[in-house]
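Novice: One structure follows; several queries about it will come next.
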Amino acid sequence: MIERTVIKQTCIEFGVTERQLTDKSRRSEIVDARQACAIVLREMEFTYKYIAELLGRKDHSTIIHLLTTRTHNKHRNERRANKILRICKTLNYNEKARYKLNMKDFLEKVQHTK
C-alpha cells in the first residue's frame, strides 16, 4: 500500500520512528514530519479522515489544522519542502500516484501556504 510507503519514507527522511510519527508528541521535528506526511498523502488525494487514521489523530479536523498551519520561518519551510520533495521522488510518482505531480508548483505550494 502506497500510504505505508509514504509513512516509512517520511520517517527515514525526518529521522523519526513510526511510533513517534503517530504519537501525541508536539516536538517541532516530529510535528514537521507529521505535517510533511500529511501533505504528501493529501496530494495523493487521500481523504482527511483516512490520513487522520494513519497518523493516529482523533479526526479529520486535526489534519486540516496540520495542513493549514505553517511556521513563519522561511528557512525551516524550505528545508521541510525539500524533504517532502525527496519523499515524493522516492515514491516514483509517475508510476504510483493517481496523477502526475508538477514538482515546481508543489514546492511553491508547500513553501507559501499560510
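Novice: Can you pull out the trypsin sites (Lys or Arg not before Pro) in region 1-84 whose DSSP state is coil and whose Cβ has at most 16 other Cβ atoms within 10 Å?
Specialist: Passing both the DSSP loop test and the Cβ count: Lys24, Arg26, Arg27, Lys58, Arg70.
Novice: Pairs Lys49/Lys89; Lys49/Lys83; Lys24/Lys49: which exceed 19 Å Cα-Cα?
Specialist: Pairs exceeding 19 Å: Lys49/Lys89; Lys49/Lys83.
Novice: Find how much the distance from Arg27 to Ser61 grows on full extension, using 0.36 nm per residue of separation minus their present alpha carbon separation; answer in nm with one decimal.
Specialist: 10.3 nm
Novice: Counting only other residues whose beta carbon sits under 12 Å from that of Ser25, what net charge do I get with K and R as +1, D and E as -1? Don't skip to the end; give the middle numbers.
Specialist: On the way: positive: Arg19, Lys24, Arg26, Arg27, Arg34; negative: Asp23, Glu29, Asp32.
Taking every Cβ under 12 Å from that of Ser25, the sum is +2.
Here, each number is a calculation from the coordinates, and none is a lab measurement. This is a predicted model, so every value here is computed, not measured. Here the Cβ is made from the backbone with ideal geometry for all residues, glycine too, and neighbour counts use every protein chain on show.
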